[in-house]
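The values are calculated or read from the model by the stated rules, or taken from the named source; none is laboratory data. This is a predicted model, so every value here is computed, not measured. A quick note on method: Cβ atoms are made from the backbone with ideal geometry, for glycine too, and the neighbour counts reach across all protein chains shown. Please note that ligands, DNA and RNA were not included when accessible areas were found on the heavy atoms of the full protein model with its side chains. Shrake-Rupley method; radii C 1.70, N 1.55, O 1.52, S 1.80 Å.
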Amino acid sequence: MQNVETLKAKFNEIYGQAKLRVFRAPGRVNLIGEHTDYNGGFVLPAAIDREFLAVVAPTNGGEVKAFSMNTNTETKFLLSDIKHVPGDWGNYMRGVAQCLQNTGIYLRGFTAVISSTVPMASGLSSSAALEVLTETIFEKLDGFHIDPVDGIKLCQKAENEFIGVKCGIMDQFISKLGKKDYALFLDCRSLEYKHVPLSKDAKIVIVNTGVKRALAGSKYNERRAECEQAVSIFSKHKKGTLLRDYDLNDFQKWQNELPEVVRRRAKHVISENARVLDAIDALKAGNLELFGHMMYESHDSLKNDYEVSCLELDTIVNTARKTPGILGARMTGAGFGGCAVVLAEPRGVERFVQKMEDDYQKEFGRKPEIYVCTAEDGAGEIKT
Ligand code: ADP
Ligand code: MG
């Protein structure tokens, strides 16, 4: 487990004594609303207690230097000469710095040691957390104020344009604006958002398949194109630019005009948006069974209609279905590996973890990593 003292000791060892400030930025789990963000739809993520920590000293020069205790490597760059360096994790920091500077903000350099408990490339959004961490460090060290939503958009822009990953805005949004014990309902088109209290009677359990999402990139782009194709056909009947503009009634009326595969992709997105709204109503009414039911329906839709699940994710959801005290489960993140999220009654957690390890061991010959999580605040400075 990481702690600030370990990071400070590392800083002293590499960069010498300095007065250090401490920052954090969390990873996230999406409870429901998958593959809806880039369709302008609804999502319900929570920031989790797996997070980045950074100990940081400002410098007067124009250089950023950061050491990652996870990769055991240092990245560095000059703020006056930012270039993409293939394969370097520092690109996430470079991208954010460049986007900030492009808005006319003057940045100063810093030296940092970072460490993270967000597993990399597992669908809990370590990349967005690293971007939001960087933006937060610059903001606090340089003392400028940026509207949080503008800061979030800027981090997304860094990932879209500097890294070249066409992600939606959910991940950066929740890493910045998460709230302890709350999930966040976000309308990905208007960017209106609302914190929704999570019940103390439900625990969030995340199971990591450990499967690297090799196909994720190409399939992700393919799905985006299929959604656009559905919109191009629906928009002949009713004005719209994203699948968000169409509801289940519209789908019923015009679904037969879509090629079969595209029809199923649209069905997932449109029904998923409706499920997010139903799930929030269930949460507000304290009906955790219904919320869990929506999670299972979401998984089935992602598996059968959107076709982004895999055997490992389906195995996790099947174990959840068979375990007393489990309310619901689904794959979370882009799919093809990564993680599943499980909602458990407190009494069900221990039994589920045991059963999950056994089932996974039997099926795949190894145990999955399992994180029992709490919902946490978004990124910020830790006053020490
Ligand atoms: P995800 O966002 O789902 O975790 P991505 O592939 O989008 O997966 O981002 C993972 C990348 O983020 C890593 O390859 C690495 O470049 C960077 N990264 C994440 N965590 C760390 C870390 N602790 N130290 C250095 N780089 C990190
Ligand atoms: Mg990412």
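Below are the figures for this structure:
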{"read-out": "Failed condition for LYS166, given (1) of a type outside the set (Asp, Glu); (2) away from ligand 1 (no atom under 11 Å from the Cβ); (3) at pLDDT 95 or above", "value": "(3)"}
{"read-out": "Tally, over segment 46-89, of residues that are among the hydroxyl-bearing types (Ser, Thr, Tyr), under 19 Å from PHE23 (Cβ atoms) and assigned to a loop (DSSP other than H, G, I, E, B)", "value": "2"}
{"read-out": "Those residues of segment 237-262 which are among the acidic types (Asp, Glu) and open to solvent by less than 60 Å² (accessible area, probe 1.4 Å), in sequence order", "value": "ASP245, ASP250"}
{"read-out": "Close pairs (8 angstrom Cβ cut-off, 6 or more residues apart or separate chains): under 12 Å from TYR92 (Cβ atoms) and touching a residue at least 40 places away in the same chain (Cβ under 8 Å) in segment 149-162, open to solvent by 70 Å² or more (accessible area, probe 1.4 Å) and not β-branched (Val, Ile, Thr) anywhere", "value": "PHE162/HIS84"}
{"read-out": "Tabulated pairs, segment 60-74, first more than 9 Å from ligand 1 (Cβ to nearest atom), second of a type in the set (Lys, Arg), C-beta under 6 angstrom, 6+ apart or interchain", "value": "LYS65/LYS76"}
{"read-out": "Test result for VAL372, over 30 Å from ARG223 (Cα atoms) and part of a helix (DSSP H, G or I)", "value": "no"}
{"read-out": "Matching option when the condition is aromatic (Phe, Trp, Tyr) and within 18 Å of SER309 (Cα to Cα), among TYR220, TYR193", "value": "TYR220"}
{"read-out": "Positions within segment 346-384 being over 18 Å from VAL29 (Cβ atoms), at pLDDT 95 or above, open to solvent by 10 Å² or more (accessible area, probe 1.4 Å) and touching a helix residue (DSSP H, G or I) at 6+ places or on another chain (Cβ under 8 Å), in sequence order", "value": "LYS355, ASP359, GLU363, PHE364, ARG366, LYS367, GLY380, GLU381, ILE382"}
{"read-out": "Hits in segment 186-236 (condition: open to solvent by 60 Å² or more (accessible area, probe 1.4 Å), among the polar types (S, T, N, Q) and in contact with a helix residue (DSSP H, G or I) (Cβ under 7 Å, 6 or more places away or on another chain))", "value": "GLN229"}
{"read-out": "Candidate set: segment 270-320, residues that are assigned to a loop (DSSP other than H, G, I, E, B) and touching a residue at least 60 places away in the same chain (Cβ under 8 Å); chosen: the one most open to solvent (accessible area, probe 1.4 Å)", "value": "GLY286"}
{"read-out": "Count of residues meeting criterion [within 16 Å of ligand 2 (Cβ to nearest atom) and either assigned to a loop (DSSP other than H, G, I, E, B) or open to solvent by 10 Å² or more (accessible area, probe 1.4 Å) (or both)] in segment 95-119", "value": "4"}
{"read-out": "Subset tally (residues that are within 16 Å of ligand 1 (Cβ to nearest atom), among the polar types (S, T, N, Q) and within 20 Å of PRO58 (Cβ to Cβ)) for segment 92-150", "value": "4"}
{"read-out": "Scope segment 145-158; condition open to solvent by 10 Å² or more (accessible area, probe 1.4 Å) and in a helix (DSSP H, G or I); matching residues", "value": "PRO148, VAL149, ASP150, LYS153, LEU154, GLN156, LYS157"}
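Residue-by-condition table, conditions (1) touching a Leu at 6+ places or on another chain (Cβ under 8 Å); (2) part of a helix (DSSP H, G or I):
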{"site": "VAL165", "(1), (2)": "no, no"}
{"site": "GLY168", "(1), (2)": "no, no"}
{"site": "GLN172", "(1), (2)": "no, yes"}
{"site": "LYS176", "(1), (2)": "no, yes"}
{"site": "SER190", "(1), (2)": "no, no"}
{"site": "HIS195", "(1), (2)": "yes, no"}
{"site": "ASP201", "(1), (2)": "yes, no"}
{"site": "LYS219", "(1), (2)": "no, yes"}
{"site": "GLU222", "(1), (2)": "no, yes"}
